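Student: Structure below; questions to follow.
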Amino acid sequence: MARTVLIVDDDPTQRRLLQAVLEKQGYVAECAESGEQALDRVGRGGVDAMLLDLVMPGMDGMEVLDTLREKGSDLPVIVLTAHGGIETVVTAMRGGALDFFIKPASPERIAVSIRNAFKVQSLEGEVRRLKKTQEGTLGFGDMIAGAPAMRQVVRLGERAAASNIPILVTGESGVGKELVARAIQAASDRAGKPFVAVNCGAIPENLVESTLFGHEKGSFTGAIGKHMGKFQEADGGTLFLDEIGELPLDMQVKLLRALQEGEVDPVGGKRPVKVNVRIISATNRDLAEQVREGAFREDLFYRLNVFPIEVPPLRARKEDIPALIHHFVQRFNAQENRSIQDATGETMAMLSAFDWPGNVRQLENAVFRAVVLCEGDHLTPEDFPHISGRSTDYSAEAAPPPHAYPDPATAAPEVASNDQAGVHIIDGGGHLRSLEAIERDLIQFAIETYAGRMSEVARRLGLGRSTLYRKVREYDLDVEEARTA
């Protein structure tokens, strides 16, 4: 899914030139001839960056910048003008522009500027996400929840956040139960207060009581100091009990008392300690079935299951997969210092059709691996070998050794054969064709010969895959037709 860049310029010639440059680089280019049109288009959404002319009749570029910032937009804006000066640059940058260049700019300059703008946007987005997570304000507005099944989760979560009712979040492993719990906390009056997450299945059985309720110094061997416990750490905020179904039966009794009385008994303590904690539990198990089997206390189940919220598996919300992929690409771009734009249409269709038994966590890790593997601007099926069944031949990246080049005398018949097959070296007038034209035909011939298998094409031509994909874009070659032929 290519990114959309909005070109805002009153000069139709400049718009056409910039549009041609952007489309050749793989972007979707849209045009607006005035500031008013630009703001209207941005308001409809779907614009990833803007190239903005500063000097226009009516609303000029600086007014557009000011309006965007007043609305709180974080859209990357690159300003351009035919008249450059220090004062103009300073004013534009203070107005929120990320970059600046003077018309006419080279295609390479435009490409670098847009790529850097997207990289800055990724870094800023990751900083905002981490800051919100740290402050406990990562809310429902930050969730990708466009699918109907997820919109129901958001509606229930917002209702539950308005009270202190105990919540039980259920769903398969990897669906994002903790994210829902954090969003509930952020939407409640406890936003910004402590959010303490405890994985009940990861605590050794002999340390569960001490971990949850705390202990006094000397209360048992190894207790060399006082420990508050998770309930006291979360005082005033939210305690998230993940995998609550893993809690031992004897600890379930003490947890039930803590929930009913609003106080905990630290190990070795002389008196109970009052706590004000909002409890959100989560499990990927069927607690009702565990109650029937005697593995979970019935009274505790009813105490926790006051307001159940079921988070759907990823296969039930496939409408969200493209947005999730885009989000993860931006995150890992920032973490790994990469400049991946997005996934190709073929890749997006393949990932959307996959069932994802590990849910969002599996998708996240698959995209992480793909971002590290990717050698071009877009994720391809070869970057997801476990899903596509197609892998990259990295041996094609290395230049062949000197002895691998054929002898010119023995190579001549093969060249002649290729020429007869459709790669013509001589034009109709008997003269040599340009090197660029021959290269274009040779790449197209190789794509057709190997049915669009780009790893094989790269290996046969002695090119790196990233170089091959760049030349395919430059020459506007059709790979899909070769694959379906």
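Student: With the requirement that a residue be more than 19 Å from Thr380 (Cα to Cα) and part of a loop (DSSP other than H, G, I, E, B), what does the range 427-484 give you?
Tutor: Asp427, Gly428, Gly429, Gly430, His431, Arg433, Ser434, Gly462
Student: Can you name the residue in the range 192-233 that is touching a Lys or Arg at 6+ places or on another chain (Cβ under 8 Å) and among the aliphatic types (A, V, I, L, M) and, of all such residues, is surrounded by the most Cβ atoms within 10 Å (Cβ to Cβ)?
Tutor: Result: Leu212.
Student: Just wondering, is there one or more residues in the range 264-272 that are buried (at least 17 other Cβ atoms within 10 Å of the Cβ), under 40 Å from the mean Cα position of the chain (by Cα) and not charged (D, E, K, R)?
Tutor: Checked the range 264-272: no residue is buried (at least 17 other Cβ atoms within 10 Å of the Cβ), under 40 Å from the mean Cα position of the chain (by Cα) and not charged (D, E, K, R).
Student: Would you tally the residues in the range 273-331 being buried (at least 17 other Cβ atoms within 10 Å of the Cβ), touching a Gly at 6+ places or on another chain (Cβ under 6 Å) and either without any contact (Cβ under 8 Å) to a residue 40 or more places away in the chain or basic (Lys, Arg) (or both)?
Tutor: Residues flagged as buried (at least 17 other Cβ atoms within 10 Å of the Cβ), touching a Gly at 6+ places or on another chain (Cβ under 6 Å) and either without any contact (Cβ under 8 Å) to a residue 40 or more places away in the chain or basic (Lys, Arg) (or both) within the range 273-331 amount to 0.
Student: Also, I was wondering about something else. Kindly establish whether Ile321 is in the same structural domain as Ile340 (by TED's automatic domain parsing) and of a type in the set (Val, Ile, Thr).
Tutor: Yes; evaluated as a whole, the condition is true for this residue.
Student: Continuing with this model, one more query. For residues in the range 135-172 being within 21 Å of Val196 (Cα to Cα) and of a type in the set (Asp, Glu), which is surrounded by the fewest Cβ atoms within 10 Å (Cβ to Cβ)?
Tutor: Looking at residues that are within 21 Å of Val196 (Cα to Cα) and of a type in the set (Asp, Glu), I get Glu135.
Student: Looking only at the range 63-88, which residues are at pLDDT 80 or above, assigned to a helix (DSSP H, G or I) and surrounded by fewer than 20 Cβ atoms within 10 Å (Cβ to Cβ)?
Tutor: Within the range 63-88, Glu63, Asp66, Thr67, Arg69, Glu70 meet the criteria.
Student: Just to be sure I understand the filter: pairs with C-beta atoms under 7 Å, separated by 6 or more residues or on different chains, first member in the range 106-120 and under 15 Å from Asp342 (Cα atoms), second member part of a helix (DSSP H, G or I). Which pairs pass?
Tutor: Between residues of the range 106-120 that are under 15 Å from Asp342 (Cα atoms) and residues that are part of a helix (DSSP H, G or I), the close pairs are Lys119/Asn333.
Student: While we're looking at this one, here's another question. Out of the range 89-99, which residues are of a type outside the set (Asp, Glu) and crowded, with 18+ Cβ neighbours inside 10 Å? First the steps, then the outcome.
Tutor: Residues of the range 89-99 of a type outside the set (Asp, Glu): 89-98.
Result: Ala92, Gly95, Ala97, Leu98.
Student: Give all pairs with beta carbons closer than 9 Å in which a residue from the range 24-47 that is more than 19 Å from Glu70 (Cα to Cα) and free of Cβ contacts under 8 Å to residues at least 60 places away in the same chain meets a residue that is in a helix (DSSP H, G or I) and of a type in the set (Gly, Ala, Ser); count only pairs at least 6 apart in sequence or on separate chains.
Tutor: Hits for this filter: Ala29/Ala20; Ala32/Ala38.
Student: Taking Ala186 as meeting all but one of (1) over 22 Å from Ile321 (Cα atoms); (2) within 17 Å of the chain's Cα centre (by Cα), write down the number of the exception.
Tutor: Failing condition for Ala186: (2).
Student: Same structure again: Any idea which of Leu247, Leu239 is surrounded by 21 or more Cβ atoms within 10 Å (Cβ to Cβ) and within 24 Å of Glu135 (Cα to Cα)? Quick ask: steps written out before the conclusion?
Tutor: Numbers: Leu247 fails: within 24 Å of Glu135 (Cα to Cα).
On inspection, the qualifying residue turns out to be Leu239.
Student: Another question, then. Pull out all pairs, ordered by first then second residue, where Cβ-Cβ is under 8 Å, the residues are six or more apart or on different chains, the first lies in the range 64-78 and is assigned by TED's automatic domain parsing to the domain that holds Leu123 and within 22 Å of Ala111 (Cβ to Cβ), and the second is small (Gly, Ala, Ser) and part of a loop (DSSP other than H, G, I, E, B).
Tutor: Listed pairs, sorted by first residue: Val77/Gly96; Val77/Ala97; Ile78/Ala97.
Student: In this structure, does Arg361 turn out to be part of a loop (DSSP other than H, G, I, E, B) and outside the structural domain of Phe231 (by TED's automatic domain parsing)?
Tutor: no
Student: (1) over 15 Å from Ile7 (Cα atoms); (2) under 30 Å from the mean Cα position of the chain (by Cα): which one isn't true of Ala32, the others all being true?
Tutor: So Ala32 meets the others, but not (1).
Student: Kindly indicate whether Leu75 is touching a Gly at 6+ places or on another chain (Cβ under 6 Å) and closer than 24 Å to Arg3 by Cβ.
Tutor: Judged against the criteria, Leu75 is not a match.
Student: Just a yes or no: is a residue in the range 220-227 assigned by TED's automatic domain parsing to the domain that holds Ala295, closer than 30 Å to Ala183 by Cβ and either touching a residue at least 24 places away in the same chain (Cβ under 8 Å) or not aromatic (Phe, Trp, Tyr) (or both)?
Tutor: The answer is yes; a qualifying residue exists.
Student: Of all residues being assigned to a helix (DSSP H, G or I) and touching a helix residue (DSSP H, G or I) at 6+ places or on another chain (Cβ under 7 Å) in the range 130-149, which is modelled with the highest pLDDT? Just the residue, please. Show your work before the answer.
Tutor: Initial filter on the range 130-149 (assigned to a helix (DSSP H, G or I)): 130-135, 140-142, 148-149.
From what is left, the residues that are touching a helix residue (DSSP H, G or I) at 6+ places or on another chain (Cβ under 7 Å) are 132, 140, 142, 149.
On the way: Lys132: 77, Phe140: 88, Asp142: 84, Ala149: 93.
Ranking the qualifying residues of the range 130-149, first place goes to Ala149.
Student: Also, I was wondering about something else. Restricting to the range 122-163, give me the number of residues that are in contact with a Phe, Trp or Tyr (Cβ under 6 Å, 6 or more places away or on another chain) and either free of Cβ contacts under 8 Å to residues at least 40 places away in the same chain or closer than 24 Å to Ile340 by Cβ (or both).
Tutor: Residues that pass the stated criteria total 1.
Student: Let me ask something additional. Does the range 388-408 contain any residue that is modelled with pLDDT under 90, farther than 19 Å from Arg459 by Cα, touching a Pro at 6+ places or on another chain (Cβ under 9 Å) and outside any loop (DSSP other than H, G, I, E, B)?
Tutor: Within the range 388-408 (the criterion being modelled with pLDDT under 90, farther than 19 Å from Arg459 by Cα, touching a Pro at 6+ places or on another chain (Cβ under 9 Å) and outside any loop (DSSP other than H, G, I, E, B)), the answer is yes, since at least one residue qualifies.
The values are calculated or read from the model by the stated rules, or taken from the named source; none is laboratory data. These numbers were taken from a predicted model, which means no experiment stands behind them. Neighbour counts are summed over all protein chains in view; Cβ atoms, including those assigned to glycine, are modelled from backbone coordinates with ideal geometry.
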